[in-house]
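Data block below; observations after.
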Amino acid sequence: MKQTLFALLAAVLLSSCGSSTCTLTGKLELTPGDSLFLVAADRDRTELGYALVEQDSSFTIRHRAAEPAIAMLTNKFRAPMLMLFVEPGDITVTRSQAGYRAEGTPSNDRFNSFNEQMAALQQEFFALGPQPDSVQTAALQQRLDRLVSQSVDANLDNLLGVYLFTNAELPKLTTAEGRERMARFSEAMQAHPMMQEALRGIEAAENTEIGKPYMELTLRNTAGEQSSLSSLVGPGKWVLIDFWATWCPPCIAEIPHLSEAYAAYHDRGFEIYGVSLDNDQARWKHYVSTHDMPWTNVIAVEGDKSSPAAEQYGIRTIPTNFLLSPEGTIVARDLRGEALAEKLAEVIR
């Protein structure tokens, strides 16, 4: 419950942008002469506009776009200050308790209302104390889920709905429920790149359901050599595909369990294909070399920080793992803690 609340409350403000001009203004108490940039919230961080802070700390950025798109306002160091949908009209940026706030256009104002309701839920959660009652926590979670669902329902024709759907609602749905929900959006929103990316995630999730065959991966190991998943799969072999990263505390907590399982079952055909999602290869190599990780370790992040392997397997959170049978079929997933050893004891006789 706490993670869900914080994840949504930490979501930065949004607005939306159409085919005519949107004007972004504000007075943020920044140093006169500093630069502000409006950049697309995509992998390339395409610059959409910029402004110099005036002597009175005010700024103005104007932008025209062919279709709605989520953008970010950044400071002179290109550090994000605010995420927003630029949409036709005048958007005002002001300081708020959470940092910065965008208002004045429909999507911004609706999202501000959503955030205020989320903040109220957060306060109720904190009021429960350090050890909240499970019944009360469950009731708050239901109210949170209902707020998200109702907010998506009210915005099926704009990017605010797409944002809430893809970030807050979709992760809790089955693939069938996700497809059904997606079909309720307008055709324009279904065709939007954000929704198409979500659709690819649904397809990847469908491809990694229990009973489906594994998908080949060929990635570089710590020696810089190509290492294929298929080289481990075969008669008598049970292979765990483990997506992790050194910057992920829950992933690090799983390593002792992986080590114990590998020590106990490797001689009986158990293999691990550890897929790192680290951006820092040197850190990853150092970590693997200084810890008890004698299995196959590969890295899946490319030079542009993308990870086709993670996209292929529909990875939204880590750690995530998949257990393959000797036939190359996914027989289990997300085996955490002692669950891995228990499953191996069941299948390896």
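Just a few scattered comments:
- Thr290, sole failed condition from (1) within 26 Å of Gln196 (Cα to Cα); (2) of a type outside the set (Gly, Ala, Ser); (3) free of Cβ contacts under 8 Å to residues at least 60 places away in the same chain: (1)
- Count - residues of the range 32-55 that are within 14 Å of Leu82 (Cα to Cα) and either outside the structural domain of Glu87 (by TED's automatic domain parsing) or in contact with a Lys or Arg (Cβ under 7 Å, 6 or more places away or on another chain) (or both): 2
Here's the yes/no breakdown for (1) among the charged types (D, E, K, R); (2) under 19 Å from Met215 (Cβ atoms); (3) outside the structural domain of Gly201 (by TED's automatic domain parsing):
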| residue | (1), (2), (3) |
| --- | --- |
| Asp304 | yes, no, yes |
| Glu311 | yes, yes, yes |
| Arg316 | yes, yes, yes |
| Pro319 | no, yes, yes |
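- Residue in the range 35-47 that is over 23 Å from the mean Cα position of the chain (by Cα), of a type in the set (Ser, Thr, Tyr) and assigned to a strand (DSSP E or B) present: yes
- Of the strands (runs of 3 or more DSSP E) entirely within the range 180-294, those holding at least 3 residues that are surrounded by 18 or more Cβ atoms within 10 Å (Cβ to Cβ) occupy 238-244, 270-276.
- The set of residues in the range 131-153 being surrounded by fewer than 15 Cβ atoms within 10 Å (Cβ to Cβ) and of a type in the set (A, V, I, L, M, F, W, C) consists of Val135, Ala138, Ala139.
- Verdict on Ala176 being surrounded by fewer than 18 Cβ atoms within 10 Å (Cβ to Cβ), small (Gly, Ala, Ser) and in contact with a Pro (Cβ under 9 Å, 6 or more places away or on another chain): no
- For Gln55: the one exception among (1) outside any loop (DSSP other than H, G, I, E, B); (2) exposed (fewer than 15 other Cβ atoms within 10 Å of the Cβ); (3) modelled with pLDDT of 85 or more: (1)
- Screening Gly104 with (1) touching a residue at least 24 places away in the same chain (Cβ under 8 Å); (2) in contact with a Ser or Thr (Cβ under 6 Å, 6 or more places away or on another chain); (3) under 25 Å from Phe185 (Cα atoms) gives one miss only, at (1).
- Any hit, the range 326-334, residues being at pLDDT 95 or above, crowded, with 21+ Cβ neighbours inside 10 Å and out of contact with any Asp or Glu (no Cβ under 6 Å at 6 or more places or on another chain): no
- Every pair of residues 6+ apart whose Cβ atoms lie under 6 Å, when the first sits in the range 260-283 and is closer than 16 Å to Glu302 by Cα and assigned by TED's automatic domain parsing to the domain that holds Trp247 while the second is assigned to a helix (DSSP H, G or I) and not small (Gly, Ala, Ser): Ser276/Trp284; Asp278/Trp284
Every residue, every condition in (1) surrounded by 15 or more Cβ atoms within 10 Å (Cβ to Cβ); (2) of a type in the set (A, V, I, L, M); (3) at pLDDT 90 or above, yes or no:
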site: Pro88; (1), (2), (3): yes, no, no
site: Ser96; (1), (2), (3): no, no, no
site: Ala102; (1), (2), (3): yes, yes, yes
site: Arg110; (1), (2), (3): yes, no, yes
site: Ser113; (1), (2), (3): no, no, yes
site: Met118; (1), (2), (3): yes, yes, yes
site: Gln123; (1), (2), (3): no, no, yes
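- Exactly one residue out of Met189, Met182 is outside the structural domain of Thr329 (by TED's automatic domain parsing) and touching a residue at least 24 places away in the same chain (Cβ under 8 Å): that is Met189.
The values are calculated or read from the model by the stated rules, or taken from the named source; none is laboratory data. Note that the structure is a prediction, hence the values are computed from the model and not measured. FYI the Cβ positions are ideal-geometry reconstructions off the backbone, even for glycines, and counts take in every protein chain you see.
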